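Participant: Shown below is the structure under consideration.
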Amino acid sequence: MKKALGLVLFLVGVFPVSATTDDTLVKFKGGIGVIPVSSAAGVANANGTFPDVNRNTVRGVNPPGQIWTIADLRAEVNVDGRIKVRGRGLLLAGGNSIGTNAGQSVFATLICVAPDGTFTLHSTDSDDVTAGIQGVPLEANGDFRIDDFLSPAPPNPCVGPVLLIRNTAGAWFAAGIPKHDD
C-alpha cells in the first residue's frame, strides 16, 4: 500500500493536474506567404500590367506591395488569449530586395467569425505603434518569435480561425494553416 501511495504521489508530482487540462483554443502548423494580387483580368497593357487587378485582401486586411515567403510557422492560442508564434524564413520573395527581411517588424492577428458573420480581429499588443511598440523585429534570416496576449481576448470557440502575421503598417505577410486534431 505504501508503494502504491508513493507511486501516486510521484506521478502527481511529475504530471501535475494542470498539465492534463487543455486550454488550447486553436493551433496552426505551417504557413503561407502572401501573394499581393489574387487575380487579374482584361487584356494586358503594353507594359505587361493588367487593367483590372484584385488585391489579396484577407478578411479586411490588405496585403503588402510585394510577394513574401515563409519557411515554417507554428502557433498556439490559448483560451485566455495567450499566443505563442514561431516563424522561420519570413522573407521577401520578389523585387530588388529579394531574400531579405526588408527591416520589417511583425505582430500576430487572429481573426474569428462573429455570430453576425462579421470578422473580429484579435491582435498582439505589439501592433500598437502609437504606444511606441514596434512589433517583433524579423531576424536577418526572417525568423521571429511572438509570446504575447491577444487583445481583445478571442471568443471560445473561435469560429473560422485565420491567423495573419502582419507588419506594423498593418499589411499581412503570412497566414497560418489551422491544425486539426485527427
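Participant: Can you find even one residue in segment 165-181 that is farther than 17 Å from VAL61 by Cα, in contact with a Pro (Cβ under 8 Å, 6 or more places away or on another chain), surrounded by 13 or more Cβ atoms within 10 Å (Cβ to Cβ) and not small (Gly, Ala, Ser)?
Facilitator: Checked segment 165-181: at least one residue is farther than 17 Å from VAL61 by Cα, in contact with a Pro (Cβ under 8 Å, 6 or more places away or on another chain), surrounded by 13 or more Cβ atoms within 10 Å (Cβ to Cβ) and not small (Gly, Ala, Ser).
Participant: Sort out which residues of segment 33-54 are without any contact (Cβ under 8 Å) to a residue 40 or more places away in the chain, surrounded by 12 or more Cβ atoms within 10 Å (Cβ to Cβ) and closer than 23 Å to ILE111 by Cβ, and write them in order of number. If you could, list the steps in order and put the result at the bottom.
Facilitator: Let us first name the residues in segment 33-54 that are without any contact (Cβ under 8 Å) to a residue 40 or more places away in the chain, namely 35-54.
This time we only want the ones that are surrounded by 12 or more Cβ atoms within 10 Å (Cβ to Cβ), so: 35-38, 40, 50, 53.
Answer for segment 33-54, where residues must be without any contact (Cβ under 8 Å) to a residue 40 or more places away in the chain, surrounded by 12 or more Cβ atoms within 10 Å (Cβ to Cβ) and closer than 23 Å to ILE111 by Cβ: ILE35, PRO36, VAL37, SER38.
Participant: Scan segment 59-69 for residues that are farther than 17 Å from ASP143 by Cα and in a strand (DSSP E or B) and jot them down.
Facilitator: Matches in segment 59-69: VAL61 only.
Here, each number is a calculation from the coordinates, and none is a lab measurement. None of these values were measured; they are calculated from a predicted model. All Cβ positions, glycine included, derive from the backbone under ideal geometry; neighbour counts span all protein chains shown.
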